[in-house]
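Below is one structure; the comments refer to it alone.
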Amino acid sequence: FLAPDRRPHSMGREAVEHIVLFKVTRNFTESEVAGLMSLKQIPGVLSISCGPNYTARGRGYNYGAVVRFESMMAAAAYQSHPVHVRQLEVIKGVLQPDPEAVLALDYVFELKECPIDWRGFV
């Protein structure tokens, strides 16, 4: 892996993947999932997905979410956005009483632009 200032120039742009694992006491309700999905309205959020773990490999983490941001600045602004802060309170309500109930990892990656204009196919 190369540090950001040592990467070769490319046709893509840098984006951020934000991965969060949770240890929850129960699955989220449909309403709570809708609230999580409302995070898409925050400027700079490109996509979000979330769901319960279905394997035995989670090491106690039984729910996960992935949020993709258009930039590091968007990822930073997201942390204090009112919609995100509101959803944090919902999440806290279902977390297991464990100091390690949340594990987050963020990384920068190159979001490649498609060389073919997909709009020509619709």
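Which of the chymotrypsin sites (Phe, Trp or Tyr not before Pro) across segment 52-115 are loop residues per DSSP, with 14 or fewer other Cβ within 10 Å? Please report the intermediate quantities before stating the final value.
Values: sites: Y54, Y61, Y63, F69, Y78, Y107, F109; in loops: Y54, Y61.
Answer by residue number: Y54.
Among all the lysines, which ones have a C-alpha under 27 Å from K23's C-alpha, if same-chain residues fewer than 8 places away are not counted?
List returned: K40, K92.
Please identify every one of the trypsin sites (Lys or Arg not before Pro) in segment 35-90 that sits in a loop by DSSP and has no more than 11 other beta carbons within 10 Å of its own beta carbon.
Of the trypsin sites (Lys or Arg not before Pro), the ones in loops of segment 35-90 whose Cβ has at most 11 other Cβ atoms within 10 Å are R57, R59.
If the chain between V83 and L105 were fully stretched, how many nm would it gain, using 0.36 nm times the residue separation less the Cα-Cα distance?
Full extension of this stretch gives 5.9 nm more.
For segment 20-122, what Kirkwood radius comes out of the mean inverse Cα-Cα distance, in Å?
15.3 Å
Laboratory data are not the source of any read-out in this text; all were calculated from the coordinates shown. Note that the structure is predicted; figures quoted are calculated from it, not measured. Every residue, glycine as well, gets a Cβ built from its backbone with ideal geometry; the counts of neighbours run over all protein chains shown.
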